[in-house]
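Heads up, the thing below is written out as structure tokens.
The values are calculated or read from the model by the stated rules, or taken from the named source; none is laboratory data. Please read these numbers as outputs of a predicted model, since none were measured by experiment. Note that each Cβ is placed from the backbone with ideal geometry, even for glycine, and that neighbours are counted across all protein chains shown. Accessible surface is based on the protein model in full, side chains and every heavy atom, while ligands, DNA and RNA are left aside. Shrake-Rupley method; radii C 1.70, N 1.55, O 1.52, S 1.80 Å.
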Amino acid sequence: MFRPFFISLLLLAGLAILTSSTCTGGKGISDQNIAFIFNKEPGYLQPVYRVAHETEGVSRLYYRISADNLLYSKDATGEKYVARFSFSWKLKNDYADHLFIDSGTVVREDVFENDPSQILNGSFQLTIPAGKDLVLEIELYDINRMADRTDYLPVEKTNIYQRQNFFISNPGQPGIPAFIEHLQTRDTLVIRHRNNPEKLYVRYYNREFSLPPPPFSYFSPKGFEFRPDSFYAVTPGSDGRFIFTAPKPGIYHLQLDSGRIEGLTLVCFMPNYPRFRTYEAMIQPLRYLTSKNEYDKMMRNPNRKTAVDSFWLSSGGNIDRGKELIRKFYNRVYDANDHFTSYLEGWKTDRGLVYIVYGPPNVLYRNNDRETWVYGEENNINSLSFTFTRVINPFSGNDFRLERSPTYQDGWYKAANAWRDGRIFIDK
């Protein structure tokens with residue numbers, strides 16, 4: 001088992017350190033290209049974070065890192081291999097802010113114990129004032145490798161009803177967050193709220209969402225019907241914990257106060273989500289590459305495996321190339337689910353649509369309200385740019401809508417036809 005603990009910045013001498021200051025300077029996040037967040041190369045730093053508020057002024061940042069992301073080097077005794085890494089954080093008012101409210105650094109180490117697949121879980125305390133929503137910039141630095149990665153987390157602390165006031169864990173792991181907000185019908189989650197309420201209210205929605213149209217097609221999304229299909233209350237055990245299991249697929253919105261819109265949303269999707277394990281599921285994202293008639297024909301085929309295999313064999317021209325297309329395409333589907341899931345499956349979102357067909361962008365800028373993706377060199381007339389605007393809803397802060405334009409039509413057909421001709425569009 002890995003046992004991460006605090007160490008000092010001065011020669012990593014074993015002392016705990018958490019520094020903070022109020023300061024100015026640096027670049028606003030909206031000035032920086034953060035396309036690296038999509039990098040999943042082996043050995044690349046890929047931390048996962050969750051923020052949970054413990055009191056009005058105190059919050060905790062939880063992290064998860066795979067041991068194989070870090071470099072383990074011999075310590076001074078030559079008897080142990082140790083990974084040394086630090087978290088440096090800045091608290092900002094918004095993504096575009098060049099100033100920061102507070103900052104600090106935590107340094108930790110881990111001793112290798114013959115299991116590179118081991119997951120490192122840990123946390124540290126932050127002082128975050130209540131009353132407003134903020135942005136947390138976090139740099140993970142691998143001291144041995146001298147490599148770093150910066151991530152950005154929205155901090156929701158306007159009121160006690162928001163989702164980050166809830167703590168979600170798996171049974172038997174009370175101090176470790178589940179790091180997900182979606183579950184299977186057989187899964188059980190343990191939920192706490194920092195106010196230890198006597199009950200939580202659950203609004204259940206059973207909704208079917210259509211796939212997004214191509215980027216060049218204007219459309220008016222159907223408004224969400226907020227009248228729930230069912231509404232009920234759940235009570236905690238004697239320890240104040242709520243045991244939650246989703247009895248069927250759908251959207252579950254858990255609230256401290258049923259008269260407000262804020263709460264914790266848990267979604268129950270198809271089995272094995274975020275991966276696709278059935279041939280019927282594998283057909284669905286092919287709608288982005290096919291005509292309606294082709295797609296309907298595949299869905300009517302009683303042998304869905306044959307339908308999928310035939311499409312990719314026809315595109316690749318041979319079995320080996322077909323397998324490579326399948327691997328790349330469905331890895332992008334998985335990544336879309338990983339990055340863009342909200343109350344909707346990630347691959348069904350506008351960002352998922354663009355990501356699956358075009359791949360990760362070369363340039364990504366983000367601020368509080370929008371993201372801009374650029375394929376190609378920035379400011380090059382031949383580059384392609386997509387802008388996504390944040391949609392405010394009570395279920396997720398990860399909901400963005402593409403600003404569509406007829407100018408995308410030629411490029412879209414070029415990209416879709418590249419896949420159909422056996423070429424992975426923008427292969428990275």
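Tabulated values for the structure
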item	result
Under 13 Å, Cβ to Cβ, from Ile191 - net charge with Lys/Arg +1 and Asp/Glu -1	+2
Ser291 - accessible surface, heavy atoms, 1.4 Å probe, Å² rounded to 10	50 Å²
Shape of region 32-81, Cα gyration tensor, a/c cut at 1.5	oblate
Value of relative contact order over region 176-254, rounded to a whole percent, pairs C-alpha under 8 Å and six or more apart	53 percent
Karplus-derived 3J(HN,Hα), 6.51/-1.76/1.60, for each residue of region 210-218, Hz, glycine and proline x	6, 6, x, x, x, x, 8, 9, 6
Rounded accessible area of Phe219 (nearest 10 Å², 1.4 Å probe)	90 Å²
Net length gained if the chain between Tyr44 and Lys248 were fully extended (0.36 nm per residue, minus Cα distance)	69.8 nm
Separation of alpha-carbon centers, region 293-316 and region 30-64, rounded to whole Å	39 Å
Local net charge near Phe244, Cβ-Cβ under 15 Å (Lys/Arg +1, Asp/Glu -1)	+4
DSSP-assigned coil residues among chymotrypsin sites (Phe, Trp or Tyr not before Pro) in region 343-392, each with at most 12 further Cβ atoms within 10 Å	none
0 to 90° range, to nearest 10: angle between helix 319-340 axis and the chain longest Cα axis	50 degrees
Relative contact order for the chain, counting Cα pairs under 8 Å that sit 6 or more residues apart, in percent	14 percent
Shape call, region 133-246: gyration tensor on alpha carbons, a/c limit 1.5	oblate
Solvent-accessible heavy-atom area per residue, rounded to whole Å², over the chain at 1.4 Å	49 Å²
Helix 409-420 axis, angle to the chain major axis (alpha carbon atoms, nearest 10°)	90 degrees
Accessible-area ranking of Arg227, Arg287, Arg351, Arg401, largest first, probe 1.4 Å	Arg227, Arg401, Arg287, Arg351
Selection from Ile319, Leu353, Asn301 lying farthest towards where the dipole of region 290-362 points positive, charges on Cβ	Asn301
Sequence-distant residues sharing a close amide H with Val155 (under 5 Å, placed H)	Leu134, Val135, Leu136
Among (i) 23.7, 74; (ii) 22.0, 69; (iii) 23.0, 68, the entry derived from the coordinates for Rg and Dmax of the Cα atoms in Å	(iii)
Residue-count net charge about Arg149 - beta-carbon cut-off 13 Å; Lys, Arg +1, Asp, Glu -1	-4
In sequence order, calculated HN-Hα J values of region 73-81 (Karplus, 6.51, -1.76, 1.60; Hz; x Gly/Pro)	10, 4, 7, 4, 7, x, 9, 10, 9
Region 247-355 - charge dipole about Cα centre, Lys and Arg +1 at Cβ, Asp and Glu -1, debye rounded to 20	360 debye
Tensor-based shape of region 165-211 (alpha-carbon gyration tensor, a/c under 1.5 rounded, otherwise prolate or oblate)	oblate
Exposed-site-free run, longest, the chain (rule: GluC sites (Glu not before Pro); DSSP loop; at most 16 other C-beta within 10 Å)	226-376
Pairwise label distance in nanometres, Arg300 with Arg420, each label 7 Å out on the Cα-Cβ vector	1.9 nm
With Cα atoms, 0 to 90° folded angle of helix 304-316 axis to the chain main axis	80 degrees
